[in-house]
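The values are calculated or read from the model by the stated rules, or taken from the named source; none is laboratory data. All values derive from a computational prediction rather than experimental measurement. Cβ coordinates were reconstructed from backbone atoms using ideal geometry, including for glycine residues, and neighbour counts include every protein chain displayed. Keep in mind that these areas ignore ligands, DNA and RNA; they rest on the heavy atoms of the full protein, side chains included. Shrake-Rupley method; radii C 1.70, N 1.55, O 1.52, S 1.80 Å.
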Amino acid sequence: MRGAHIIPEKRHPGLEWVRGRLLPQLVPDWLVPGEHRDDRDLAAVRHMGDVAVAFVIDGPGHPVYVDCGLLGSWGVAETDLLAHALANLARTYRPFAHRGKGERLTLVWDAHDGYDAARLLLTRRLCEAAAQVPGSPVIGVPHRDRLVMFGDRDPDFVAEMAELIDYEFNNHPYPVSSQLYTLFGGVLRLYRPDVRQEAVLN
């Protein structure tokens, strides 16, 4: 997906018409409006750290972001929309690629469909993948076309990957975040390299 747009005010489609095409997209939280929102503001759910989940109506032509006006016309909350979007995203799951080996093994999702970073929300799939990396899993989503996972057994490799993720975040037209995540008890958390992490996967 490239260059999503906001739906023109007089062309608001009904929720039933677009329900099967709603997908989540991770965005930097500074794109999310404050408490007093205008109809043209982005409809989104704050996620974790500096990331939020926006909503896209995908399909032929230019996909469009859901704005607050459209959300209001549907009479639903962002959290209700999230459930539909996640179900649709799960059906678009793409396999990851293996890069490197041993303690430098990296799993990469880069289908370039605009939703690679959003697959961070599919924690069950991430838990299945995490069994392949050495140590606790470390996950990055520097921009919307990249999700990476690697293990933290080698601190030098973690530092190297953190630097790469930061570089990609700062040099991509659609950045998401430079922060790192991990899985603890099957739950997504922010990764803190100075705290010992034990990944307990479902």
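What is the Cα radius of gyration of the range 25-86 over 2.2 N^0.38 Å, N being its residue count? All intermediate terms of the calculation are to be shown ahead of the outcome.
Working: Rg = 11.2 Å, N = 62, 2.2 N^0.38 = 10.6 Å.
The value comes to 1.07.
Rounded to whole numbers, the Karplus 3J(HN,Hα) couplings from phi for the range 128-141 are 4, 6, 4, 5, 8, 9, x, x, 6, x, 10, 10, x, 9 Hz, using 6.51 cos²θ - 1.76 cosθ + 1.60 with θ = phi - 60°, and x at Gly and Pro. Here is how the number arises for the chain: DSSP H runs of 4 or more residues each give -39500 (n - 2.57), the sum is divided by the residue count, and the result at 222 nm is -7000 deg cm²/dmol. Couplings 3J(HN,Hα) of the range 23-33, computed from phi: 9, x, 9, 6, 9, x, 5, 5, 7, 8, x Hz, in residue order, whole Hz [Karplus 6.51 cos²θ - 1.76 cosθ + 1.60, θ = phi - 60°; x for Gly and Pro]. Here r is the Cβ-Cβ distance between Val45 and Asp156 and R0 is 45 Å; the resulting FRET efficiency, rounded to 0.05, is 0.80. Charge tally for His84 (other residues, Cβ to Cβ under 14 Å; Lys, Arg +1; Asp, Glu -1): -1.
Ignoring ligands, DNA and RNA, what percent of the 1.4 Å accessible area of the range 11-149 is carbon and sulfur?
On the way: 3220 of 6180 Å².
Result for the range 11-149: 52 percent of the exposed heavy-atom area is carbon or sulfur.
Largest accessible area first, the listed residues Glu128, Glu78, Glu163 line up as Glu163, Glu128, Glu78 when surface is computed with a 1.4 Å probe on the assembled protein chains.
Determine, for each peptide in 106-114, 142-150, the mean count of other beta carbons within 10 angstrom over its residues, then list the peptides with the highest first. The partial results should precede the final answer.
On the way: 106-114: 18.0, 142-150: 24.0.
The peptides rank, most packed first, as 142-150, 106-114.
With the cut-off at under 14 Å, measuring from each backbone N in the range 20-39 to a point 7 Å along the Cα-to-Cβ line of Arg91 picks out 20-24.
Peptides 117-124, 42-49, 91-98, ordered by how many other C-beta atoms sit within 10 Å of their residues on average, highest first, read 117-124, 42-49, 91-98.
Summed over the residues of the range 130-193 and divided among them, the accessible surface reaches 41 Å² per residue at a probe radius of 1.4 Å.
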